[in-house]
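The values are calculated or read from the model by the stated rules, or taken from the named source; none is laboratory data. Nothing here was measured: the structure is a model prediction, and the numbers come from that model. Glycine gets a Cβ as well: all are built from the backbone with ideal geometry, and neighbour counts include every protein chain shown.
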């Protein structure tokens, strides 16, 4: 089974919180059909300069997309960082 790689813009302070292991989840619009086992590459994005910074590589380990808990069309997923 092949897992998808998702390249996602991530702004401060959220990128640094993942980097420093304060945050281990993402809340995202589910327009990419995220699945457990997929890879996410969180690319640090500066909205002001329009420049990318560092990149954090992680695996999706758990997903919540239940309409009782997530806004329609959105998903929450747990990530496990494997490279910074």
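Check segment 58-78 and report whether any residue there is within 17 Å of residue 12 (Cβ to Cβ), surrounded by 15 or more Cβ atoms within 10 Å (Cβ to Cβ) and in contact with a strand residue (DSSP E or B) (Cβ under 8 Å, 6 or more places away or on another chain). No, segment 58-78 contains no residue that is within 17 Å of residue 12 (Cβ to Cβ), surrounded by 15 or more Cβ atoms within 10 Å (Cβ to Cβ) and in contact with a strand residue (DSSP E or B) (Cβ under 8 Å, 6 or more places away or on another chain). Restricted to segment 1-39, and to residues there that are out of contact with any strand residue (DSSP E or B) (no Cβ under 8 Å at 6 or more places or on another chain), farther than 16 Å from residue 83 by Cβ and part of a loop (DSSP other than H, G, I, E, B), the residue that is modelled with the lowest pLDDT is 1.
Residues in segment 70-84 that are free of Cβ contacts under 8 Å to residues at least 40 places away in the same chain and closer than 13 Å to residue 57 by Cα: 82, 83.
The set of residues in segment 11-46 that are more than 22 Å from residue 69 (Cα to Cα) and in contact (Cβ under 8 Å) with a residue 40 or more places away in the chain comprises 15, 18, 19, 21.
Going residue by residue through segment 40-56, is there one that turns out to be at pLDDT 95 or above, within 11 Å of the chain's Cα centre (by Cα) and exposed (fewer than 13 other Cβ atoms within 10 Å of the Cβ)? Within segment 40-56, not a single residue is at pLDDT 95 or above, within 11 Å of the chain's Cα centre (by Cα) and exposed (fewer than 13 other Cβ atoms within 10 Å of the Cβ).
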